[in-house]
Amino acid sequence: MELHVVIEGRKDLTGQLYGQLKDAIRTGRLAAGEQLPPTRLLAEQLGLSRKTVAEAYARLTYEQLLLARTGIGTFVNAGMATRPAPQRTEDLAGAAVVEQWGRMATPLRHMIQEAHARFEFIGGAPSAALFPTDDWRRCMLHGLRESARSRGFYGPAEGLPALRQAIARHIAFSRGVQCAADDVIVTAGAQQALDLVARVLVAPGSLVAIEEPGYPPMRYLLAAQGAQVVGVPVDAEGIVVDAIPQGTRFIYVTPAHQFPLGMPMSQARRMALLQRAKELGAVVIEDDFDSEFRYTGRPTETLFSLDTQGTVAYVGTFSKTISPQLRLGYLIAPPSIRDAVATAKHLTDSHTPPVQQWALAKFIDEGLLVKHIRRCHAAYALRRDKLIARFEGDLEPWFRVVAPAAGFHMAAVCTRPVDIALLITLARRVDVGLYPIAPFFHFTPPQDGLMMGFGGIDALDIDPALDRVRDILVEIA
């Protein structure tokens, strides 16, 4: 790649080159630590003598803007490179919108950034140790070969036909969801699927309903679209349908494994929700984020399977079953919004990366996904049982655990006053990562408690970690 320098005429060539390089360093166009072309190469590119380039380099080196490393090359001095003062936010024509985004809280983002303790109970993180590295590598090589045959063209916005067919077969087998491949829209994780539905349904002032407590990114995403967001309480059976207000345009729920409390929505409540959505003319977004891992009771039907009116948009993800780093999910949109969602997908990111799509299609078709889920299920079930035993044992004086029927997180709600912030701080000092449930409340006073994820911690580490938590509780509570 050539360095962008423009030399005009034949006057003061060294000065021209020196000035442009100095400006590029000062403005950050040449980043700190970046290597400059050798003097011979740059001289050839610019039609200058090597001596001219060497003199410019020498002046910049004398001013400590460049560092010359013998036998290696010439580099921008990291200690001297600076950038111009950025434009102040208040000077922007769109300052109000920028400020609105800047004020939005991102609790899950902060949790992810802090997740580096030896014993991690962060929610939503599957086991990295169980990731099927060898199988996935083989599938990625297949994806590279298939993508090479496409000659580098853009892919379909809705997703590759091979993956859409594989997803349709998989969710029919694992969740009883009957749909055609053409109904599937491949997305960059569940988060993009939620964003696409919001884009096509929400206008400024639209009334939308979400669970309380619930998934914070969905609340902020809707608020950013100008929606009037209403929190609807949940009880032991799920969302309280009678509390969904008149005029609601769409309803976001997590029926298989309520986020963050963990209980499933009852069958009666599911039927009541579908009836309420029909009365309102609302679309229900069913976020089925980790339901493949079920431990007790009979399988529950999805809202999508129960829906006879075309009111449910079904969202799934491979972030929980395989890895969030894949950024692959899918949306089964009702016919009323399917074309609009496909258009929004095309306009926002054109298409999801094809190599990963080909790889995932092969991973599913060869039965590797089902095999991986079964392996993870066995590991998660053991971890779940260990957590429940401890919270119903020596941790019972402080917490009541909501034992999940599915997924790989559970909520432990305080039954007596506990300084959760202090507990989390002291736990981190002994290498235990704990996380509160309070950030998931917004419309009602938050409850004190912990969200205990067990996807990212080995079963053998649970007791030693909780021993440390118990000892801290004895001291502070």
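Every number in this text was worked out from the coordinates using simple rules, so none of it is lab data. Here the structure is a predicted model, which means the values were calculated and not measured. Cβ placement follows ideal geometry from the backbone for every residue including glycine, while neighbour counts extend to all protein chains displayed.
A few notes on this one:
- A crude spin-label estimate for the pair Ala181 and Thr348, with each label 7 Å from Cα along the Cβ direction, gives 2.5 nm.
- Inter-part distance where the stretch 200-216 and the stretch 348-415 are each reduced to a Cα centre, Å: 26
- Footprinting exposure proxy for Asp182, Asp448, Asp91 (fewest neighbouring C-beta atoms within 10 Å first): Asp91, Asp182, Asp448
- Extents of the stretch 219-278, largest first, come to 32, 26, 14 Å (Cα atoms, principal axes, whole angstrom).
- In this Cβ point-charge picture (+1 for Lys and Arg, -1 for Asp and Glu), the chain has a dipole of about 1320 debye about its Cα centre.
- Sequence-distant contacts, meaning Cα pairs under 8 Å at least 6 residues apart, place the relative contact order of the chain at 18 percent.
- For Glu120, residues with placed amide H under 5 Å, excluding near neighbours: Gly433
- Full extension of the chain segment joining Ala243 with Lys51 gains 61.2 nm, where the gain is 0.36 nm per residue of separation less the Cα-Cα distance.
- Ordering Gln246, Ile210, Gln178 by Cα displacement along the dipole of the stretch 154-285 toward the positive end leaves Gln178 in first place; charges were set at the Cβ atoms of Lys, Arg (+1) and Asp, Glu (-1).
- With Cα atoms, 0 to 90° folded angle of helix 267-280 axis to the chain main axis: 70
- Among Gly71, Ile322, Gly189 - extreme Cα towards positive end, dipole of the chain, charges at beta-carbon: Gly71
- Global form of the stretch 296-358, assessed from the alpha-carbon gyration tensor, a/c cut-off 1.5: oblate
- For Glu120, Glu8, Glu99, order by how many other beta-carbon atoms lie within 10 Å, fewest first: Glu8, Glu99, Glu120
- Evaluated with a Cβ-only charge set (Lys, Arg +1; Asp, Glu -1), the stretch 13-76 carries a dipole of roughly 60 debye about its Cα centre, given to the nearest 20.
- Computed across the stretch 256-346, the Kirkwood hydrodynamic radius from all distinct Cα-Cα pairs reaches 14.4 Å.
- Debye-sum result for the stretch 342-427 in log10 I(q)/I(0), which assumes one identical scatterer on each alpha carbon, at q = 0.11 Å⁻¹: -0.60
- Of all DSSP bridge pairs formed entirely within the chain, close to 55 percent run antiparallel.
- Based on C-alpha pairs under 8 angstrom that are at least 6 apart in sequence, the stretch 151-246 has a relative contact order of 20 percent.
- Cα Rg over Rh - the chain, Kirkwood: 1.07
- Across the stretch 133-367, the mean sequence separation of Cα contacts (distance under 8 Å, 6 or more residues apart), normalised by length, yields a relative contact order of 30 percent.
- Cleavage-rule hits, chymotrypsin sites (Phe, Trp or Tyr not before Pro), the stretch 130-159, DSSP coil, Cβ neighbours within 10 Å at most 14: Phe153, Tyr154
- Working from the Cα coordinates of the stretch 13-76, the gyration tensor eigenvalues give, after taking √(5λ), semi-axes of 16, 14, 11 Å in decreasing order.
- Sequence of Val76, Val53, Val418 once ranked by neighbouring C-beta atoms within 10 Å, starting from the fewest: Val418, Val76, Val53
- Farthest toward positive dipole pole in the stretch 133-367 [+1 Lys/Arg, -1 Asp/Glu at C-beta], among Ala359, Phe153, Leu274: Phe153
- Set of lysines with alpha-carbon distance to Lys11 below 29 Å, sequence-local pairs under 8 removed: Lys22, Lys51
- The alpha-carbon atoms of the stretch 133-367 define a convex hull whose volume equals 117 cubic angstrom per residue.
- Cβ-defined net charge surrounding Gly19, 14 Å radius [Lys, Arg +1; Asp, Glu -1]: 0
- For the stretch 93-197, the calculated P(r), taken from all Cα-Cα distances in 5 Å bins from zero up to the bin holding the longest distance, is 2, 8, 10, 13, 17, 15, 14, 11, 7, 2, 0 percent.
- Under a 5 Å amide H cut-off, with hydrogens placed 1.01 Å from N, Val177 pairs with Ala172 among residues at least 5 apart or on other chains.
- Over all other residues within a Cβ to Cβ distance under 15 Å of Tyr215, the charged ones net out to -4, with Lys and Arg as +1 and Asp and Glu as -1.
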